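Each value in this text was obtained by applying a stated rule to the coordinates, not by laboratory testing. The shown structure was predicted, so the numbers you read here are calculated from the model rather than taken from an experiment. Glycine gets a Cβ as well: all are built from the backbone with ideal geometry, and neighbour counts include every protein chain shown.
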Ligand code: SF4
């Protein structure tokens with residue numbers, strides 16, 4: 001039986017404050033149990049929902065799938081500490097969406113510029129595979145990141161992120177099929193308008209198998225840069 005989605009979180013503070021799940025969020029029992037095991041095994045790791053990185057006022061929101069066990073789940077910052085982060089942050093730096101040096105640590109001093117990075121599912125799932133029910137249950141946090149934020153462009157890394165962003169916007173999936181390099185202009189029933197830029201996920205598997213090359217990934221962010229800042233080359 002389909003699980004009911006959690007109630008949408010209420011942001012506190014300013015209109016651009018994004019609500020984050022509690023460190024001990026219990027809404028996905030399988031993920032909470034996996035988290036508890038990881039805490040017992042690796043007490044120095046983050047082992048909790050990974051909050052969004054960057055400002056909610058940013059014109060660009062990058063949405064991944066979920067934290068990697070030894071990446072964001074270990075370090076506590078999205079895409080930090082594994083191959084996907086190496087490629088993502090190098091690309092954000094190249095196109096001016098980040099400043100500083102990415103050194104695989106949350107205290108490396110890297111800052112995002114006009115960009116926020118988050119995940120469709122905030123807790124690490126076993127084998128990097130959240131269930132459809134878990135994706136639905138965590139969606140209110142993604143919806144909030146979109147609604148409370150000011151992004152005009154959303155990069156969806158992979159089909160699951162793409163589908164979850166569409167659902168967060170109340171859009172019909174069939175009307176906006178996922179394809180690497182595709183762009184979709186979507187307006188939510190509440191009038192929230194964003195352009196979604198699709199990309200294959202920048203995982204080691206996709207890059208090792210040639211599904212996604214670094215140039216293909218750069219092309220997506222070149223298009224995003226042109227959209228949010230048409231004066232740029
Ligand atoms: S994935 Fe999201 S909804 Fe599920 S337990 Fe983690 S923070 Fe809560």
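The figures follow:
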| quantity | calculated |
| --- | --- |
| Anisotropy class of the chain from Cα gyration tensor, a/c 1.5 cut | rounded |
| Extension gain, residue 90 back to residue 57 (0.36 nm per residue minus Cα-Cα distance, nm) | 9.7 nm |
| Antiparallel DSSP beta bridges within the range 51-228, as percent of all bridges there, nearest 5 | 40 percent |
| GNM flexibility winner over the chain from 215, 104, 150 (Cα, springs under 10 Å) | 215 |
| FRET E, pair residue 111, residue 190, Förster distance 22 Å, beta-carbon r, rounded to 0.05 | 0.10 |
| Most mobile of 71, 181, 100 in a GNM of the chain (Cα contacts under 10 Å) | 100 |
| Among 47, 119, 128: highest mean-square fluctuation, GNM of the chain, C-alpha pairs under 10 Å | 128 |
| Shape call, the range 44-172: gyration tensor on alpha carbons, a/c limit 1.5 | oblate |
| FRET efficiency, residue 208 to residue 179 (Cβ-Cβ, R0 30 Å, nearest 0.05) | 0.90 |
